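Here is the structure we will look at, set down as structure tokens.
No value in this document is a laboratory result; all are computed from the given coordinates. What you are looking at is a predicted structure, and each value in this text was computed from that prediction instead of being measured. Here the Cβ positions follow ideal geometry from the backbone for every residue, glycine too, while neighbour counts run over all protein chains shown.
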């Protein structure tokens, strides 16, 4: 699924579509401290414009259809069909969700920690792609970047109860696990099944078994306030 390089990984499965989707490693540094000029140079993005935002674990998604504004407050996701736009979002355990419509050539990227997942930001991105660009579910591809794995994501009973009050029993049973008196949440599995409920074909979704906690990536749960941020980027090579 991923091409593994020293400072980042790249989604090889989408290269055939002319889409670059990458996720930086701890070796690249803290993406929050990188200037857009440095990121542009490092990933050969000359001639393109990087769009990013101040992330607040919201479900706010911006449709980028002009170059009038490239930075957005209180925003956790973007979609666009512009070939001169690079979407950049930042992570330290939360789950990046990449989107691409193979017919309309629309790309998207959202930041989905547990709060974003609870607010169903992934579903919202797909609905925006359908509403704004007339995309069809069968042509929308989804890939998950690197988030924290279930084995490293211990949560409390109040956390579980919050999800139980909103989501189906099947979704809860497949996303939570109790082991040795502790409770663990699988954010990727939750989002995967949540998108299936929307009607997205399962063969259109790429999942992975990487984990931010394991050392190659920045992790807030591991390093607390000393944690940097990983960067997720997507753009069209056309």
I'd like to know if the range 215-230 contains one or more residues that are without any contact (Cβ under 8 Å) to a residue 60 or more places away in the chain and on the phi > 0 side of the Ramachandran plot. yes
For the range 39-65, how many residues meet the condition of being part of a loop (DSSP other than H, G, I, E, B) and touching a residue at least 12 places away in the same chain (Cβ under 8 Å)? 13
Return a yes/no flag: does the range 153-167 have any residue that is within 19 Å of the chain's Cα centre (by Cα) and under 24 Å from residue 60 (Cα atoms). no
Residue by residue through the range 48-62, note down the ones that are under 14 Å from residue 122 (Cα atoms), surrounded by fewer than 20 Cβ atoms within 10 Å (Cβ to Cβ) and in contact with a strand residue (DSSP E or B) (Cβ under 6 Å, 6 or more places away or on another chain). 62
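Keeping to the range 160-176, report how many residues are more than 20 Å from residue 212 (Cα to Cα) and touching a strand residue (DSSP E or B) at 6+ places or on another chain (Cβ under 7 Å). Explain how you work it out, then say what you get.
If we filter the range 160-176 for residues that are more than 20 Å from residue 212 (Cα to Cα), which is where we start, we get 160-174.
Now restrict to residues that are touching a strand residue (DSSP E or B) at 6+ places or on another chain (Cβ under 7 Å): 160.
So the count comes out to 1.
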Being in contact with a helix residue (DSSP H, G or I) (Cβ under 7 Å, 6 or more places away or on another chain), in contact (Cβ under 8 Å) with a residue 40 or more places away in the chain and assigned to a loop (DSSP other than H, G, I, E, B) is the filter here; which residues of the range 1-38 pass it? 1
